[in-house]
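What follows is a single structure, written as structure tokens, with notes after it.
What follows draws every value from the coordinates through simple rules; no lab data is involved. Quantities reported herein were computed from a predicted structural model and do not represent experimental measurements.
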Amino acid sequence: MNTRLLSLPSLALAASLSLAACGGDDGGDGGSGDSGSGGDFTSLSGKEIADEAKETMLELDGVHLSGEASSEGNGFALDIAVDAEGDCTGELTAGGETITVLGADGDVWFQAPQTQGKWIVDDGTFGDFCDLEKFLGNLFADNDDDEYEVGEVEQVAGEDAVPVTKKDDEGDSTGYVKVDGDHYLLKLSREGADGGEFTFDSFDEDVETEAPAEADIATE
């Protein structure tokens, strides 16, 4: 197996962490999950909006994430849906090669060009992509020192979203948080050499998957 190909998960997670723009103290102001009307929500501080988004996202039972980014000069694309039952399906692509990941009932398999159509039982390399709690926990890491700037409301996927920007010497990160109803993070972007953009949707939706047939799973 190509070792560069197997480095894709760590590459993707590293970029996700570098992109994360909404993280704060769980006990911070405004983290109640109920901030009233849209006008009230957009009048909150950037830290409070970030905390609302973090709390809402960490309570999800499922989510779909897709986008492209770079980490240490290596570009990649990620498109994956995961739910709280350990079911997931998606693809990671870099350098013209794609890995397909499949999770069902907590078990995980993957396919790559070198596997010739066979599914490989995952040894933990891709597990974090199919563990919703770990996946979101990695994305929304705590940093009490973060400071945020609130921008003007704009449309993201047909929804009003308020941009919250975290300033960084290596590139600003901006999270676009849904104004009305549940305050989901709809989009996450970062400027700079290790920049990129991810979108989030299919909130709280189950991911329907089935384990591969035994004949399609590679044996030792």
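From the phi of every residue in region 123-129, what ³J(HN,Hα) in whole Hz does the Karplus formula 6.51 cos²θ - 1.76 cosθ + 1.60 yield, where θ is phi - 60° and glycine or proline is x?
After applying 6.51 cos²θ - 1.76 cosθ + 1.60, I find 9, x, 4, 10, x, 5, 6 Hz.
Cα to Cα, under 21 Å, and not fewer than 8 places away if on the same chain: which lysines meet these conditions relative to Lys178?
Cross-link targets: Lys47, Lys54, Lys166, Lys167, Lys187.
Check Gly86: other-chain or 5+ apart residues with amide H under 5 Å from its amide H, H built from backbone geometry?
Distant-sequence amide H within range of Gly86: Leu132.
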